[in-house]
Amino acid sequence: MLRNRFLILGTLLALSVVGYMTLGAVGSWSFLIPFRASKLAALALVSVCLAVSTVLFQTITANRILTPSVMGFDALYVFILTAIVHSFGAAGYAAIPAPLLFVMNLVLMTGMGLVLFSLLIKGGRGDILKMVLTGIVLGILIRALTGFLQRMIDPSEFQTIQSVSFARFTYVDKLNLAMAAVVALPALVMAWRMRHRLDVIALGPVAATGLGETPKRGQRQALVLICLLTASATALAGPMSSGGAGPSSFFGLIVAALAHMITPSYKHSVLLPSAAMLACITLIGGQTVMERVLHLSTPLAVVIEVLGGITFLILLLKRRMA
Amino acid sequence: MISIRNVSHSIDHHPILHDVSLDIPRGGITALIGPNGAGKSTLLSLVARLAALTTGEISVDTLQIGKCKDRDLAKVLAIMPQSTQVSSRLTIRDLVGFGRYPWHQGHPGPEDREKVEETLTRFGLEPLAHRFLDEVSGGQKQRAFAAMAYAQSTPYLLLDEPLNNLDIAASRSLMRLLRDMAEEDGKTILIVLHDINYAAAFADRLVVMKEGRIAADGKPEKVVSAKLLYDVFGTDAPVCMMDERPVVLV
Ligand SMILES: Nc1ncnc2c1ncn2[C@@H]1O[C@H](COP(=O)(O)OP(=O)(O)OP(=O)(O)O)[C@@H](O)[C@H]1O
Ligand SMILES: [Mg+2]
């Protein structure tokens, strides 16, 4: 059964990719193919990063309704951006070479993410309500700080922040893509190599310890991978909730929930590829259908947020009933 | 041999165990009994490395807890976890299969599969093997967790109140299985039990704990008496002998 499901997913993925590359072509192919190919690569990288980091996060926190971005990763991105413009001005910001900016984003987000998550993990597995609330409160705190800084910034400079944190994915910088890949690909390989250990950790701390896994160590390693993956996706694409294609609060949630539904299994060797494929189908296929087939101007992110919100509610209600 | 040497333990500066020393030689069932809050679970979780050991030493054969690799210890010592919430997509066969994890690290071979089938037969779980864990009764689930620990093929097995929520038939059959493991496979079993009658009927040795110390230790017929129940548990239940086993009348 799983085999057939994977065949279907593979077919859908291939269709999305071919559709994305070929539909609605205007102008010369020799320009179009490399241009679209680098956008496609960026979309695929972002999708896989977000899917894998969500599955890891849900395993180590033993829940199905949280994603790393519920904890305010997008807020962190805008905060870093604002802080830079606040300290160095718009001109200063523009003067920072793109690679340096990318590395700064990556390092800061990974670092702050690690601090946040390790605080949350300390709060205790199982105490999911406390974790959600702490995460949301921290998100609000970061957004408030961002708002405070933005108020102190010159309005014209404020425009920079808006344009930078909104317009993404119309143009993909090849260097940024390469740097994101250099960080994300090894992290993805390591996540894949953890797959059997994750299966054991999902049995709970007592069983996992008895079987020779150290849950705390596994959780820490997974957290580092989650931060690297989410940070490189966000640094590459910008946060989805502000118009970029990066982490949306609900994107990871949707693909993880779909993976559990379409390829039900306790095995991470099934869940990880399935969630990754579903993420690519959603983002690449979704982009193709919305832009090239239906010619809608609604950003895909908005659709994803709405669908994700509904998924979130359904998952919450199901938990209540159970 | 499990050797516990001068172990003390505190949680948030509250002393829980006071200088406990205990040797459990290979073979047989040792039951830990004692009133609520005596420190039985704490002692067991220190042996199982579920809590960090701060004062004293514990070793299992040549492996020292806290120093040896978790992976090596998992081949010597198995824990039967309480059937907490686990993935609903796990069948009983999958769960028992996890018992082999310390030996194959995620890549089961033919001998691992053989051991799983043998375990399922031995625990009478074959007819339920394909069922998901949330589709069986609490007692059957408990049995599956015991089977997982058995499939781990370790000489030592630790269990904390495995009879919780089991009816009399399920309790007796689980204890019977443990008895067989001790007698036929020569396993060493350390088990926390609340029901003194079960402990007296199935264990070779009782270790009685009170307020973080060992209050009595020995064969059931030597240890269980009306005086002990009064001194340790603070209750005046009469004890009588039947078939050379002490029985507490409740
Ligand atoms: N996490 C904790 N924080 C603070 N105190 C604890 C904690 N866990 C256990 N204790 C205390 O340690 C003492 C021993 O607890 P333990 O669970 O070992 O007892 P027990 O003998 O297993 O009892 P029971 O028969 O009720 O299971 C108790 O006084 C308990 O209140
Ligand atoms: Mg206890």
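The values are calculated or read from the model by the stated rules, or taken from the named source; none is laboratory data. As the structure is a prediction and not an experimental result, all values here were calculated from the model. Methodologically, a virtual Cβ is constructed for each residue, glycine included, from the backbone with ideal geometry; neighbour enumeration extends over all protein chains shown. To get the accessible areas, we keep the full protein, side chains included, count just its heavy atoms, and leave off ligands, DNA and RNA. Shrake-Rupley method; radii C 1.70, N 1.55, O 1.52, S 1.80 Å.
Take B:L158 and decide whether it is within 12 Å of chain A (Cβ to nearest Cβ) and within 16 Å of ligand 1 (Cβ to nearest atom). So B:L158 fits the description; yes.
On inspection, B:L32 qualifies as crowded, with 20+ Cβ neighbours inside 10 Å and either within 14 Å of chain A (Cβ to nearest Cβ) or within 16 Å of ligand 2 (Cβ to nearest atom) (or both). Going by the structure shown, is B:D217 away from ligand 2 (no atom under 16 Å from the Cβ), within 30 Å of B:V96 (Cα to Cα) and away from every other protein chain (no Cβ under 14 Å)? In short, no. Condition check: within 14 Å of chain A (Cβ to nearest Cβ) and more than 11 Å from ligand 2 (Cβ to nearest atom). Does B:R5 satisfy that? Against the criterion (within 14 Å of chain A (Cβ to nearest Cβ) and more than 11 Å from ligand 2 (Cβ to nearest atom)), B:R5 does not qualify.
The sole residue among B:K67, B:K40 that is basic (K, R) and more than 15 Å from ligand 2 (Cβ to nearest atom) is B:K67. When we screen A:A51, A:A44 for residues that are out of contact with any strand residue (DSSP E or B) (no Cβ under 9 Å at 6 or more places or on another chain) and open to solvent by 10 Å² or more (accessible area, probe 1.4 Å), the only hit is A:A44. As for the range B:11-24, it holds no residue that is surrounded by fewer than 18 Cβ atoms within 10 Å (Cβ to Cβ) and within 14 Å of chain A (Cβ to nearest Cβ). A single member of B:I24, B:I16, B:I29 is closer than 19 Å to B:F233 by Cβ, at pLDDT 95 or above and not aromatic (F, W, Y), and it is B:I16. Taking the range B:64-135 and the helices (runs of 4 or more DSSP H) fully enclosed by it, the elements with 2 or more residues that are more than 10 Å from chain A (Cβ to nearest Cβ) and open to solvent by less than 60 Å² (accessible area, probe 1.4 Å) are at B:92-98, B:110-122.
Counting the residues of the range B:220-249 that are in contact (Cβ under 8 Å) with a residue 40 or more places away in the chain and either open to solvent by 80 Å² or more (accessible area, probe 1.4 Å) or within 16 Å of ligand 2 (Cβ to nearest atom) (or both) gives 3.
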